[in-house]
Amino acid sequence: MKKSLVSIILATFNSASTLEKVLVSIGKQSYPLSCLELIVVDGGSTDNTRNIAQSYGCRIIDNPKTLPGWAKYFGYTLARGEYAMFLDSDEVIEDSQSIERKIVVMKENPSVHAVTGSGYRNPKNYSFLNQYINEFGDPFSFFYYRQSKDCRYFISQMKRLYPCVKETDGYLILNFLKEENLPLLEFGAMGGIVDLVYLKSHAPEIIHNPALIPHLINVLVMHGSRVALIKNDVLIHYSSDTWEKYLGKIKSRVINNIYTPAKEGFTGRNEFASQILRYKKYLFLPYALTVVGPLIDSLYLSITRRHFGYFIHILFSFYTACLIIYYKCLKLVGIHAVMKSYGESVPLVQK
């Protein structure tokens with residue numbers, strides 16, 4: 001039986017330190033390499049990223065917009081496969097049958113048009129900072145969603161919070177159709193695979209609205225799709241390995257949500273949230289600045305995870321709140337922060 005073509009879309013920008021690890025993990029997949037289309041959408045790398053991609057036979061596409069959301073959009077529109085898998089350039093697939101298992105689930109369950117794995121694992125000998133990022137992303141996301149992406153908690157958390165319509169030894173299927181607030185399942189990353197044929201026929205609006213790409217789960221659910229989670233299908237996530245990189249990422253996310261009209265990230269997700277949850281964002285500043293909330297959360301996380309490193313949540317929460325206030329004030333007086341890619345420096349210009 002002929003295998004379906006799967007397009008694997010990787011957004012890159014100066015990703016030489018991790019990209020080869022990702023491509024090697026793809027090469028170890030049980031799914032035939034001849035049925036995989038590797039698409040690297042590059043935002044103007046100045047390191048060895050493009051040479052690495054070329055050496056592994058990737059199709060390289062330029063991303064003049066530089067930002068990862070645009071990279072995923074360009075990859076989506078140009079993908080030739082029946083299915084599309086979105087990976088970040090620092091996400092290494094641990095299970096050699098990951099792609100195979102996801103495709104089988106969709107073929108066996110016609111109501112499922114999106115499948116993701118079971119969360120992140122911290123690389124061996126990587127800092128605790130990377131562990132915190134893998135689990136919560138950033139302090140605001142933790143406050144807003146209270147959701148862990150750590151593989152030790154991810155599947156059980158989803159089963160507890162959302163209705164499970166089917167469970168086997170290998171996967172579970174969730175039904176979000178009646179849910180007001182969906183979980184933070186990023187099908188623009190985390191190794192999620194979507195039925196590209198279904199999406200392009202049932203949701204043609206995506207082609208004309210790049211801002212929808214980070215919110216594919218919302219689009220799919222709106223069109224009646226169910227979502228499956230594969231058990232024991234973990235990604236090794238090589239995220240920010242230094243404080244400088246991570247603080248830069250937080251700054252980029254804050255600026256993106258304050259200034260960018262493209263509605264990527266939280267700004268876009270907030271449009272799909274319930275009215276009550278939309279108001280929750282206004283509570284983040286008092287939560288972070290009074291320190292009491294982050295202190296309680298840090299204590300809870302430290303006890304339940306058995307690691308006192310989670311007290312860095314207090315610092316990151318305060319830092320994020322200060323950035324929000326700073327850039328909001330700049331915007332009010334007509335000073336614009338120019339977005340650059342992937343946490344780079346952001347110059348200020350008078351508007």
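The values are calculated or read from the model by the stated rules, or taken from the named source; none is laboratory data. Everything quoted here is computed from the prediction, not taken from an experiment. Reconstructed Cβ throughout: ideal geometry from the backbone, glycine too, with neighbour counts over all protein chains shown. Surface accessibility is based on the protein's heavy atoms, side chains included, excluding ligands, DNA and RNA. Shrake-Rupley method; radii C 1.70, N 1.55, O 1.52, S 1.80 Å.
Some points to look at:
- When residues of the stretch 225-244 are limited to those that are part of a strand (DSSP E or B) and farther than 12 Å from S89 by Cα, the one most open to solvent (accessible area, probe 1.4 Å): R226
- In the stretch 312-351, the qualifying residues are those that are more than 23 Å from the chain's Cα centre (by Cα), of a type outside the set (A, V, I, L, M) and in a loop (DSSP other than H, G, I, E, B), and the one that is modelled with the lowest pLDDT is K351.
- Looking only at the stretch 13-67, and only at residues there that are modelled with pLDDT of 95 or more and basic (K, R), the one that is farthest from K102 (Cα to Cα): R50
- Restricting attention to the stretch 106-118, the residues being surrounded by 18 or more Cβ atoms within 10 Å (Cβ to Cβ) and more than 20 Å from N218 (Cβ to Cβ) number 1.
- Leading residue by the ranking (modelled with the highest pLDDT) among those in the stretch 139-181 that are open to solvent by 30 Å² or more (accessible area, probe 1.4 Å) and touching a helix residue (DSSP H, G or I) at 6+ places or on another chain (Cβ under 6 Å): F140
- Residue among I60, I103 that alone is more than 15 Å from the chain's Cα centre (by Cα), of a type in the set (A, V, I, L, M, F, W, C) and open to solvent by 40 Å² or more (accessible area, probe 1.4 Å): I60
- Residue check for S298: assigned to a helix (DSSP H, G or I), over 19 Å from K249 (Cβ atoms) and either open to solvent by less than 70 Å² (accessible area, probe 1.4 Å) or not aliphatic (A, V, I, L, M) (or both): yes
- Count - residues of the stretch 8-47 that are surrounded by fewer than 19 Cβ atoms within 10 Å (Cβ to Cβ) and among the aliphatic types (A, V, I, L, M): 3
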